[in-house]
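Here, each number is a calculation from the coordinates, and none is a lab measurement. Because the structure is predicted, anything quoted here is derived from the model rather than measured. Ideal geometry is used to build each Cβ from the backbone, glycine not excepted, and the neighbour counts take in all protein chains shown.
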There are 2 protein chains.
Amino acid sequence: MRDALGRLSEAERHELMAVAGALADAARRETLAHFRSDSLGAESKESLRFDPVTVADRASERAMRAILALRRPFDGILGEEFGPREGTSGFTWVLDPIDGTRGYLSGTPTWGVLVAVRDATGPLFGLIDQPYIGERFAGGFGMAEVVGPMGRKGLRARAPRPLSQGILFSTFPEVGTPAEGAAFARLAREMRLVRYGMDCYAYALVAAGQIDLVVEAGLQPYDVAAPIAVIEAAGGIVTNWQGGPAAGGGQILAAANSAVHAAAMAALNG
Amino acid sequence: MRDALGRLSEAERHELMAVAGALADAARRETLAHFRSDSLGAESKESLRFDPVTVADRASERAMRAILALRRPFDGILGEEFGPREGTSGFTWVLDPIDGTRGYLSGTPTWGVLVAVRDATGPLFGLIDQPYIGERFAGGFGMAEVVGPMGRKGLRARAPRPLSQGILFSTFPEVGTPAEGAAFARLAREMRLVRYGMDCYAYALVAAGQIDLVVEAGLQPYDVAAPIAVIEAAGGIVTNWQGGPAAGGGQILAAANSAVHAAAMAALNG
């Protein structure tokens, strides 16, 4: 399936994209079946921070794993809800069945399903799907597009502008540790506008050319694989706060372009 | 059109609801025509706080006013973008063509169009419309429902629960003056979960039974008329922070029920 240079064949790329779509379709069904229902059950995964794990979260990942067992039995799986599965193909599926469970529980339309496939080089292709809106942001293998209420449209991250004209998003104002919070505050002071509460949707807005930066801390690998694929395919950059690889999670800096990325890193590390 | 007790006829109620729907339909077209476009122009209405007024904002209100000029020429109009129009019928239309212009500019799906009709007693009927999702929350004249991606569903605010199990929303963490911010922080500490960034969508989530409280400060009359109508029709309560009428704007406390309303007021004024 790979040529002499190790590149994927077109058939293999299409197969991976098709499987990613099938996973997101299945997760859409499972998550919407419980969204805004009264029967929503939630356990608390941690005691200090409110992080509900819902029935929908587990049902959504289970449905995706069932598809992978049939269609990609030799690929690995890294999911939020169940243990990792080692593969032999060199490909790993990175799944967050509901990114933004707090938003999901609150009924907002800004949580999402994250699906990505990666190899040893990093994320190859990713989807950020918002089931309630019916909106899917896709990026990788040379394509970057959104399909949603206004049809199909290419994604292109926005051109450089000064921080003082830029928009920064983070999921909530209490960003990470006190030191991380202080770094975030330094950056926030430079911006034209800082907004909260969008979960993974904020990364989609970087890819869609709507905002300049997303800065978060304490993320998991399954939180970032799909955003990395989609944003990089749209011309943006995702690293940690030091400019290193972001795929491992932790401190994440997603930027629309290299100029705003450099300016944000300077503020974070100033 | 009113009976001996001053009650509206069914025909008049239906006419007002139909006109409200026509206004929201027109605003949907105008706001979506510019949403996520690259040509979005923004002026700053204030210098201290970022409050863009977009082409879409004005076009949306203009389209609604044109409909009212034809269909309700004797009603008053209170809109965000243009001067008030006095009426002679006793009815006034309260219009916010884009509630959440910062969210609109950022491409989020949580801004909305607010349409309400009021008489001397307060808001009678209101709509909170989210054009991108295609979702409309309506309340008043004995009905409360949402029509959106999952079809048509009745709205019912949630039953009482302790603050420690409740969800509080506000648009951004910097709530009002320092004293207002301190009051908000007292309440926020009591809650299970506090989230930001939803604009008028948060009020819709109270009506939909998804969250318990929305607390904001510094609102305008056109920000609250439709939320009051929708939430009260769904069984919730909207007052100012002292329990008085909310229709004038200012400090707003929207609650799912009287128990959580009382508990929140105690925390805010503690």
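Once you reduce the range A:55-83 and the range B:127-185 to the center of their Cα atoms, the two points are 34 Å from each other. Which residue fluctuates most in the GNM of chain A (Cα springs below 10 Å): A:P123, A:P178, A:P160? Largest GNM mean-square fluctuation: A:P178. Of the trypsin sites (Lys or Arg not before Pro) found in the range A:48-131, the ones in coil according to DSSP and having at most 14 other Cβ atoms within 10 Å of their Cβ are A:R49.
Shielding value for B:28-37 is 1, the average number of Cβ atoms from other chains within 10 Å of each residue's Cβ. Can you tell me the FRET efficiency between A:Q165 and B:Q220 if r is taken as the Cβ-Cβ distance and R0 is 35 Å, rounded to the nearest 0.05? Calculated transfer efficiency: 0.85. Hey, in the GNM for chain B with a 10 angstrom Cα cutoff, which one of B:E12, B:E135, B:E30 fluctuates hardest? Among B:E12, B:E135, B:E30, the largest GNM mean-square fluctuation belongs to B:E12.
Modelled spin-label separation between B:F82 and A:E12, with each label point placed 7 Å from Cα along the Cα-to-Cβ direction: 6.2 nm.
Of the GluC sites (Glu not before Pro) in the range A:61-93, the ones in a loop by DSSP (not H, G, I, E or B) with at most 11 other beta carbons within 10 Å are A:E86.
Quick check on chain B: take the gyration tensor over C-alpha atoms, sort the square-rooted eigenvalues as a ≥ b ≥ c, and tell me if it's rounded (a/c under 1.5), prolate or oblate. Verdict is oblate for chain B. Summarising the label geometry, the points placed 7 Å from Cα in the beta-carbon direction at B:S258 and B:S89 lie 3.4 nm from one another.
Remark: spin-label model distance B:R29-B:R152 equals 2.3 nm, labels positioned 7 Å along the Cα→Cβ axis. Helix screen, chain B: DSSP H segments with Cα axial length of 27 Å or more and mean Kyte-Doolittle hydropathy at least -1.0 are B:10-34. Within the listed set B:P84, B:P97, B:P221, the residue fluctuating most in the Gaussian network model of chain B (springs between alpha-carbon atoms under 10 angstrom) is B:P84. For A:W241, the shell of other residues with beta-carbons less than 14 Å away shows a net charge of -1, using +1 for Lys and Arg and -1 for Asp and Glu.
Based on the Cβ-Cβ distance of B:D119 and A:A182, what FRET efficiency does E = 1/(1 + (r/R0)^6) give at R0 = 56 Å, to the nearest 0.05?
Calculated transfer efficiency: 0.60.
Within the shell of other residues whose beta carbon sits under 14 angstrom from the beta carbon of B:Y196, the net charge comes to -1, with Lys and Arg scored +1 and Asp and Glu -1.
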